[in-house]
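Structure in structure tokens, see below.
Read-outs throughout are calculated quantities, based only on the coordinates presented, and are distinct from any laboratory measurement. It should be emphasised that the depicted structure is a prediction, and the values quoted were computed from it without experimental measurement. Note: ideal-geometry Cβ built from the backbone for every residue, glycine included; neighbour counts use all protein chains shown.
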Amino acid sequence: MTDEKVLKLPTPRHKGPMSLEAAIKTRKTTRELSSKSLSLFQVSQLLWALQGVTQIEEPSDGKSLHYRTAPSSGRAFPLEVYTLLSSGLYHFKPFEHELYLLSGEDLRKPLSEAAYADFNQEAIQTSPLTIVLTVDNKAALKMTPLLEDVIRYVHLEAGHATQNLALQAASLGLGLTIITSFKIGKVYPALKLPLKHRPIYLLPIGYPPED
Ligand SMILES: Cc1cc2nc3c(=O)[nH]c(=O)nc-3n(C[C@H](O)[C@H](O)[C@H](O)COP(=O)(O)O)c2cc1C
């Protein structure tokens, strides 16, 4: 029996037509995004670059270790990824490389109202995909007992992961806006996020308008 809430993502590729150097050179913040749909392959590739599992090691002591596309302090991996498509809101499961449906409603308009700038609101409303990168506060506390360091580390981790996403978007010919200027208190009710998942970035992605 298949679970209708689970959207299995295509296997991400590990080679592409653009060099890393060209992706670094091409990357720039794109605030005007077209509404043209993305393929499931593009969504899969972007999520993999952000938080995909790259390797699983099974050492003889039985304690399995995994690696992701971005580093994590103390191997805590506290980032949680939400994916907003016109078909609804999904939670990304890195191990299974699948999306789990949380809401079948198009939540782009209510989420957009969290952004301060009109042009950021418009990007969320128009783009076919917005990734909401959050941190699981409870998992983050496993990184170090010092609260001050936890706060510092989670933002560094989000930055590492988001740069991978930005480079992957550039290599797919897509544009991405980094939004941090938002009212956090509006994101929680718009997406019905659990309180322990604190939003760090809103990341609308799509084709640049000339495409
Ligand atoms: C931590 C951080 C927060 C940012 N927040 C926003 C934002 O809220 N809205 C926005 O439109 N751009 C935001 N930006 C994008 C910057 O404005 C952009 O990176 C800068 O203008 C340089 O342009 P470039 O990304 O094209 O090189 C942010 C960038 C960073 C690194």
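I'd like the distance separating the alpha-carbon centroids of the stretch 1-61 and the stretch 148-163, in whole Å.
20
Under the 0.36 nm per residue contour assumption, what length would be gained going from the current alpha-carbon distance of M18 and E210 to full extension?
Working: separation 192, 0.36 × 192 = 69.12 nm, distance 1.99 nm.
Taking 0.36 nm per residue and subtracting the Cα distance, the gain is 67.1 nm.
Going by average Cβ neighbours within 10 Å, how do the peptides 130-140, 63-73, 92-102 rank, with the highest at the top?
Final packing ranking: 130-140, 92-102, 63-73.
Can I ask one more? Taking the chain on its own, what percent of its Cα-Cα pair distances exceed 32 Å?
Tail of the P(r) past 32 Å holds 14 percent of the pairs.
Please report, largest first and rounded to whole Å, the three semi-axes of the ellipsoid equivalent to the stretch 89-211, where each semi-axis is the square root of five times an eigenvalue of the C-alpha gyration tensor.
Taking √(5λ) for each eigenvalue gives 24, 17, 15 Å, largest first.
Let me test this: with uniform point scatterers at the alpha carbons of the stretch 6-66, what is the Debye-based log₁₀ I(q)/I(0) at q = 0.16, 0.23, 0.30 1/Å?
Rounded to two decimals, the profile gives -0.77, -1.16, -1.25.
Given 0.36 nm per residue, what is the gain on full extension from T26 to E148 after removing their alpha carbon distance, in nm?
So the chain would gain 40.4 nm between T26 and E148.
Another question about this same structure. Express in nm, to one decimal, how much length is gained between L101 and S35 on full extension, taking 0.36 nm for each residue of separation and deducting their alpha carbon distance.
The span from L101 to S35 would gain 21.6 nm if fully extended.
Moving on. Dimensions of the stretch 14-102 along principal axes (Cα, Å, largest first)?
Projected onto the principal axes, the Cα atoms of the stretch 14-102 cover 50, 37, 22 Å.
Run lengths n ≥ 4 of DSSP H only: what is the helix-derived mean residue ellipticity at 222 nm for the chain, with -39500 (n - 2.57) per run over all residues, to the nearest 500?
-9500 deg cm²/dmol
State which entries of K5/K28; K25/K186; K5/K196 exceed 31 angstrom in Cα-Cα distance in the structure shown.
On the way: K5/K28 34 Å; K25/K186 35 Å; K5/K196 23 Å.
In this structure, K5/K28; K25/K186 exceed 31 Å between Cα atoms.
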